[in-house]
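The values are calculated or read from the model by the stated rules, or taken from the named source; none is laboratory data. Predicted model only: the values in this text are computed from it and were never measured. Here the Cβ is made from the backbone with ideal geometry for all residues, glycine too, and neighbour counts use every protein chain on show.
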Amino acid sequence: MFGSFYLGSCLELSGVKEIVERLFENAQVIDSKNSFTISTDGFTLSVKEGGPRVLFANEDYGASLKFDFYIDITVSHTNWAHELIVFVERLLKSVSGDCLLELNDKPILLRKDNHVVVDDSRLGGEKQFPIYELDLDFERGNLE
């Protein structure tokens, strides 16, 4: 299983890296020239600025997105979904700007103009994904 988290921010990649490192206190970070990767028990994030996936997400949702967080989920880790939601919640509380969370290319959360919409209708009834555990103000909606 995989996912993507797209983030719009006035920060540079180094600023995003600092925030992500703070959110994952003991996680291993691997740097490369224009990206970084961070691993946890539940998933691995590969973060880079720009790229075609960000451009498509901007066009599809009319959002202002800048960073691509590719999420490689470790499905054998039984707590991956909770860890991912906790990360998303903490990141949303740490950084302003538009953002989009997709799982298996299906949008499930969009923050645009400080308004959060959650749509789990295309997750195929995956009850284990705790999207409604977010400690944020949001509304249910359709993100087609």
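Things worth noting here:
- Of residues in the range 23-48 being in contact (Cβ under 8 Å) with a residue 40 or more places away in the chain and not in a strand (DSSP E or B), the one surrounded by the fewest Cβ atoms within 10 Å (Cβ to Cβ): Asp41
- Some residue of the range 133-143 being in contact (Cβ under 8 Å) with a residue 24 or more places away in the chain and either on the phi > 0 side of the Ramachandran plot or within 12 Å of the chain's Cα centre (by Cα) (or both): no
- If you go through the range 79-102 and keep only what is within 21 Å of Gly62 (Cβ to Cβ) and in contact with a strand residue (DSSP E or B) (Cβ under 7 Å, 6 or more places away or on another chain), you end up with Val88, Leu92, Val95, Gly97, Asp98, Cys99, Leu100, Leu101, Glu102.
- The single condition among (1) assigned to a loop (DSSP other than H, G, I, E, B); (2) farther than 20 Å from Val20 by Cα; (3) of a type in the set (A, V, I, L, M) that Ile108 does not meet is (1).
- In the range 74-90 there is no residue matching the filter, namely being among the polar types (S, T, N, Q), surrounded by fewer than 19 Cβ atoms within 10 Å (Cβ to Cβ), under 23 Å from Glu12 (Cα atoms) and touching a helix residue (DSSP H, G or I) at 6+ places or on another chain (Cβ under 8 Å).
- Exactly one residue among Lys48, Lys17 is farther than 24 Å from Asn79 by Cβ, touching a strand residue (DSSP E or B) at 6+ places or on another chain (Cβ under 6 Å) and modelled with pLDDT of 95 or more, and that residue is Lys48.
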